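J.: Right, I'll just put the structure down here and ask away after.
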Amino acid sequence: MSLPPGFLDELRTRVSLSDVVGRKVMWDQRKSQPGKGDMWSPCPFHHEKTASFHVDDRKGFYYCFGCHAKGDALKFVQETENVSFMEAVEILAGEAGLEMPKRDPKAAEKQDRRTQLAEVMEQAVHYFRLQLKTQAASEARAYLARRGLDPAALDRWEIGFAPDGWQNLWDALKGKDVADDLILGAGLAKPSNKGGKPYDVFRNRIMFPIRDARGRAIAFGGRAMDPNDNAKYLNSPETELFDKGRNLYNHGPARAASGRGSTLIVAEGYMDVIALSEAGFASAVAPLGTAVTDNQLHLLWRMSDEPVIALDGDTAGLRAAMRLIDMALPLLEAGKSLRFAIMPEGKDPDDLIRAEGPEAVQTVLDQAIPMVQLLWRRETEGRVFDSPERKAALDKSLREKIKLIRDPSIRLHYAEDIKELRFQLFRGQRGGGGQGGTGYGQRYGGYKSGSRVQGGFRDGSRTPWGAPPPPRSTTRASMVASSEEQDFARVREAVILATAITTPTVIPEFEINLERMQCQDMDHAHLRDLVLRYGIDAPERLRDEIAYALGPDALENLLSLRHVAISPCVRKPGDLDMASLTLAEEFAKLESIAGLNAELAEAEEDLDGLADEALTWRLRQAAEARNRAVRSENEDKATYDVGENGARLNRDERDAFGDLLKRIGFNSK
């Protein structure tokens, strides 16, 4: 089957090699540099313990220094999945959301036409550059000089001029025997509605050639010299060469500069990109007359994990940023985000460079803020929250935005950051912003028990999901930092992992819970990662992958632990209902102890600032939670209590819990 021209380029643009390879390997965290697309792992093609397999994500190639395997994403899929080239194309196209083209016997003919169109565009570039040197372009040259562009810069950016008149370019191209359909197909002219000759699209404009990532001229942007022109900037119409939502101005040079470590900056227009590049910020791009599209966002993330959006310091610039937030939230991935650099009021990057120099721009870039902060600013700036109803409206608005995030891990971290910002906003307002006030942790990715989740603390720290708060220097010997609690968590983790491995069909139901489980034991963390990696997509290979990654004894050691071996799920592997009940209970126990520890940590933190009655009340609540667990021990042993009050604790867990309370001198009957 013959693929249409540009299809493989589009496929490679959309697919990240590290994502493709990452499904088969575990990256070496010490050697890998995700921000630079420089990833290392043991080779998937031969058995080894050292990380000699290298993936260059920016160039899209891999190489093993041990067995010398090399190739791109398509070759990797061919080798690891044992499929043909076209089958590999189909696999990656499906992942990238690209529809496989139907058989096209005229593909070669189309390729020839695209080549011809590109040649016509190059002739137009040459024509416009010559016109900039004529007397008719004197005003355009003066304007460019005022913008700080000398002749050398004009040549570097191939800037030209389209003279006023209806058929100047048309006649010039026809004089070189260029066919009518090629001039029209390249978007350089439009047919007349009055029966006359086609007329030029660009007239009396400064011309900026637009090139694709491979350096081919595919379109133009024209800046009007007539202040009364309806369109200050005009882009070429979409053609066989040009899709404005899938290209960026200065794409190729910016990609190369970003690969050398330059910060990727997304500016608003052509002149901003040129000014930034001339000032030393070589990795600068701009969308083509529209807001950033999802396709352009993926192009940006292929170049840099965190592009900086350089906003004009005016209302329009901020509005554009806010629209971009809503578009980007559902597309966020771990390590892939945006930062926002807001220029001084009334200035764009070009203005700031000419007024204060490159140092001023660098200062603004250094102060770029993460997307979550700009989202918070949008929802709160200029508003007053002096009533429960207004606070509730804020909570609702933020919940709706956070729900747009598809990645559960990112969704959780956004909720935590928003919760901390909310507390800071309502600090000092009684009842306005304490712990647990918004319920974000419950709504976005909580454990199945439905118990309350603790998030931000007053010192600005945030508790990892499912784990107790980290010990403060003043409380290292306190209940929160106890070894008993860590042992408790390790037991729960072991049972959870053993249940998931012996009955992998239960893993999809508890995928989010497993992702949030912050393991006390590093071996457990490795097992959890393998369970998540293979347990859903390739459960039949899960045990083999564990043996390959961690050694043949890893699984045997887990299943031989006493508290694991006696688990009904291990004795009866494959029982989905029993596995589901067991995991629900075990995750609930983890959350129950985490929630309790958070309450006690908060009370302990405020020992000096609370009245005795308040402290007594809070500790009594903790004791009552313990008593509820004790009472539940006398209930039917076959019942799994994972309701509102949390999970039942066994005798050893209850005794350890009692010891925790005794260590602060509290005795409740």
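Read-outs throughout are calculated quantities, based only on the coordinates presented, and are distinct from any laboratory measurement. These numbers were taken from a predicted model, which means no experiment stands behind them. When we count neighbours, we look across all protein chains shown, and the Cβ atoms used for this are built from the backbone with ideal geometry, even at glycine.
J.: Need the full-extension length gain, residue 363 to residue 86, defined as separation in residues times 0.36 nm minus the C-alpha distance. One decimal, nm.
T.: That pair, residue 363 and residue 86, stretches by 94.8 nm at full extension.
J.: Also, quick follow-up: When a/c is below 1.5 the answer is rounded, else prolate if a/b is larger than b/c, else oblate, so apply that to segment 7-96 with a ≥ b ≥ c taken from the square roots of the Cα gyration tensor eigenvalues.
T.: Cα axes put segment 7-96 in the oblate bin.
J.: May I pose another question? With labels modelled as points extended 7 Å from the Cα through the Cβ direction, what inter-label distance (nm, one decimal) is found for residue 68 paired with residue 380?
T.: So the two model labels end up 6.0 nm from each other.
J.: Ok, one more. Using mean Cβ contacts within 10 Å as the protection proxy, how do 506-513, 573-580 order, highest first?
T.: Sorting 506-513, 573-580 by mean packing, highest first, produces 506-513, 573-580.
J.: Follow-up question, since we're still on this one. Taking the Cα of residue 543, stepping 7 Å toward and past its beta carbon, and measuring to each backbone N in segment 489-514: which are under 14 Å?
T.: 498-505
J.: Three principal axis extents, largest first, for the C-alpha atoms of segment 13-60, in Å?
T.: Computed over the Cα atoms, the extents are 31, 20, 15 Å.
J.: Please turn the phi angles of segment 582-591 into ³J(HN,Hα) values with the Karplus equation 6.51 cos²θ - 1.76 cosθ + 1.60 (θ = phi - 60°), one per residue in order, whole Hz, x for glycine and proline.
T.: 5, 5, 4, 5, 5, 5, 5, 4, 4, 5
J.: Continuing with this model, one more query. Quick check: pseudo-label points 7 Å beyond the Cα along Cα→Cβ at residue 509 and residue 390, how many nm apart are they?
T.: Simple spin-label model gives 4.6 nm for this pair.
J.: What full-extension length gain, to one decimal in nm, is calculated for residue 59 and residue 96 as 0.36 nm per residue of separation minus the Cα-Cα distance?
T.: Working it through step by step, the gained length comes to 11.5 nm.
J.: To check you understand DSSP bridge types, tell me what percent of the beta bridges within segment 207-340 (both residues inside) are antiparallel, rounded to 5.
T.: Rounded to the nearest five, the antiparallel share is 60 percent.
J.: Can you tell me, using C-alpha contacts under 8 Å and at least 6 residues apart, the relative contact order of segment 107-242 as a whole percent?
T.: Value for segment 107-242: 25 percent.
J.: In nm, what is the difference between 0.36 nm times the number of residues separating residue 576 and residue 562 and their Cα-Cα distance?
T.: Fully extending the segment from residue 576 to residue 562 adds 2.8 nm.
J.: While we're looking at this one, here's another question. Going through the cross-link list 391/419; 133/232; 176/244; 194/244; 174/197, which pairs have a Cα-Cα distance over 19 Å in this structure?
T.: Among 391/419; 133/232; 176/244; 194/244; 174/197, the Cα-Cα distance tops 19 Å for 133/232; 176/244; 194/244.
J.: Turning to a different aspect of this structure: Let a ≥ b ≥ c be the square roots of the eigenvalues of the Cα gyration tensor of segment 224-304; is it rounded (a/c under 1.5), or, if not, prolate (a/b larger than b/c) or oblate?
T.: oblate
J.: Let me ask you something else. What FRET efficiency, computed as 1/(1 + (r/R0)^6) with R0 = 30 Å and r the Cβ-Cβ distance, is obtained for residue 553 and residue 79, rounded to the nearest 0.05?
T.: E between residue 553 and residue 79, to the nearest 0.05, is 0.55.
J.: Given labels modelled 7 Å from the Cα in the Cβ direction, how far is it in nm from residue 36 to residue 397?
T.: 4.2 nm
J.: Quick one: order 76, 488 by neighbouring beta-carbon count within 10 Å, fewest to most.
T.: The order, fewest Cβ neighbours first, is 488, 76.
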